[in-house]
């Protein structure tokens, strides 16, 4: 394991600084455009609202027990690490330190040790971690004695989590096929164990037949209890010092010790990542050499042109589409066929991403409250559709920033392009919705009108969500693995926007329900309510699709693609 | 200066480069030619230490790649086809960063001279995203020349350059070789590189079809009127293949599904 001279790290630090300055200047230059003004105003409003609520609203609550806070912080990091482990072993992509193409050429091609590249990568997350720590401090400031130590502790914990994640990714890249399968089983078993612990605590804390909101409330408590349990706390040893620091009540010698330990753990974890990275590189090379020695290879490359016949179920789907669509729809079918290849490639990740939402949506069925069960299942589906499905199914424009020139050059109309790009993510979300609704309806028997109403509106919500998400992406594009403050604020704003939209939609639905009941005869009030709600939902969905098509038509290749 | 023995590279289950061996001395310029997918870029990337060779011994600029990769990279420059640049750095900042990383003395005047030579002086403060394809190529070459590498590996360096740019680049390659550098140029434009190359390495299906002096290749195929024809003869290209006009007329226009995929260039 070799280390470069300090001057090399200084150069890499300067590179980061220059790049940040360039982005800052670019942002200032573009600030005057209307859409940037909107984005900036929203970001400023978010910050003000966040700080205002932190100072004036959250400070009015009962302060949390520092010990519990400490356990949650350290245990929470372990649960995050398990999540990254699970994701890593199920993801087929092998990331080489997650460097961009330019970094791969100019940094891996330069006379630099791999250790410098790892340090460079970790250095890139320092600023974002500090900002996250500051934002968290706004919420937790009232619970601790020293805000500065809280920021320092959370910052240390977050950076350690990032090095752990990188270590897990590199370690996973070094595994051979058999070991990867074994690790998939082990990691899944570990995640299932944690989930069962949470469920067991939830049911122990909530008397049978309690209202569903109590289950929701207690689920947070159960998650916190699980994070605080002995097994998780043993695993969280590396985060104990940071967590201890975060909740320090008085400055003592122990505080200094926690600070030193927390600081010392960072280089130690970086060293571990470097060691793991070297191991992964060796393992990959050894596997190549073994295959070569065994003659286990081809001289000609396969898989150049994928025809629908080669694509199994998806191929069948595509050929059916071709059979039943007109020649003018052929372009959409071609785009869908292309998406099907990606779906086939990432099916494991997609299925994994939907297992948890599926279980969460159906979990209210265990509460024994028939009326509430159906409402909570439907609410769960709505939340999963708007919040979890879009990040899990990035198989649309959001994945194609590098290929925008190619997409633009295709003789496809904007609306056709949007339909072709969004078809698969929407279809997968619809499958998830239908499966959940069928099971929930079979258990709770909510009635035909309820099933029709929610199937119709939730399906429209899926279309609206993906169209809206893509319209937003085309208006404010970003790279797939973009991180940093802008991305964090964007995520928070999008979340708030979606929550507000769902709230507004529910309000409109209630008003519509009251109106139809009051103004129409009983015989037609229910069909009118259901039909009107579905029609309105689909109208919104179609408007969102049109907006996405408009954004695609307005997408400017010359200036809309952000620097990587 | 470059000594490659039995270079082999396996990507998963595909043998991209198969037992390639060749040697070049200081001052020699080797044209690396071959059809698409012949293994040229993989060979160059292995030589540059960007990807590990599955087997073989690679000695570049008096350094063994497996024993001293850092020293090797200090003495070698690799310019890929359509080089990726830092989108958020200017032209001048690219040169500044590379110069400092490689410890270049007299950086400013050297960088200015290179920018002048490749007609990029007025772009010093321009962002990388504002550059044309040819300008990006020129900037990458400037970065490569900046630290006077002993070995230069250029992958399709002429693509995207205008005629004066091509002329300037080829002249600079000649000068570098005269100063003692070993140069490998991968290119499909045989007629363009014909005059500068002292050696040719012809690859097909990952294997070496020919390695030796450029004149010897021509001599081996007496009927060939140019190096290009000799190359076609060496790679047996054209035999049993339909005429280009027939292909254009017969082939329907389709959107290749795989064209969109993320597969890394080899």
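Taking every DSSP bridge with both residues inside the range B:103-239, close to 55 percent are antiparallel.
In terms of overall dimensions, chain A has a Cα radius of gyration and Dmax of 25.8, 83 angstrom. Taking 0.36 nm per residue of separation and subtracting the current Cα-Cα distance, fully stretching the chain between residue B:23 and residue B:175 would add 52.6 nm.
Remark: relative contact order (the range A:27-183) = 33 percent; criterion is Cα-Cα distance under 8 angstrom and separation of 6 or more residues. Across the range B:117-228, Cα pairs under 8 Å and at least six residues apart give a relative contact order of 20 percent.
Mean partner shielding of peptide A:81-87, defined as the number of other chain Cβ atoms within 10 Å of each residue Cβ, is 0. Quote the relative contact order of chain A in percent (integer), defining contacts as alpha-carbon pairs under 8 Å separated by 6+ residues. Relative contact order of chain A: 16 percent.
How big is the antiparallel share of DSSP beta bridges in the protein assembly as shown, given as a percent to the nearest 5? Once the DSSP bridges in the protein assembly as shown are tallied, antiparallel ones form about 55 percent.
Counting neighbouring Cβ atoms within 10 Å and putting the fewest first, the residues B:203, A:183 line up as A:183, B:203.
Per-residue mean of foreign Cβ neighbours for B:77-87 is 5 (Cβ atoms of other chains, 10 Å radius).
If you count the DSSP beta bridges with both ends in chain B, what percent of them are antiparallel, to the nearest 5? The answer is about 55 percent antiparallel. Summing -39500 (n - 2.57) over the DSSP H runs of n ≥ 4 in chain A and dividing by its residue number, what mean residue ellipticity at 222 nm do you reach, to the nearest 500 deg cm²/dmol? It lands at -26000 deg cm²/dmol.
Model label points for residue A:5 and residue A:499, set 7 angstrom from Cα along the Cα-to-Cβ axis, are 5.2 nm apart. With the helix formula -39500 (n - 2.57) applied to DSSP H stretches of n ≥ 4, chain B reaches a computed 222 nm mean residue ellipticity of -10000 deg cm²/dmol.
The numbers here are math on the coordinates, done by the rules we state, and not lab data. The structure displayed is predicted, hence computed values, not measured ones. FYI the Cβ positions are ideal-geometry reconstructions off the backbone, even for glycines, and counts take in every protein chain you see.
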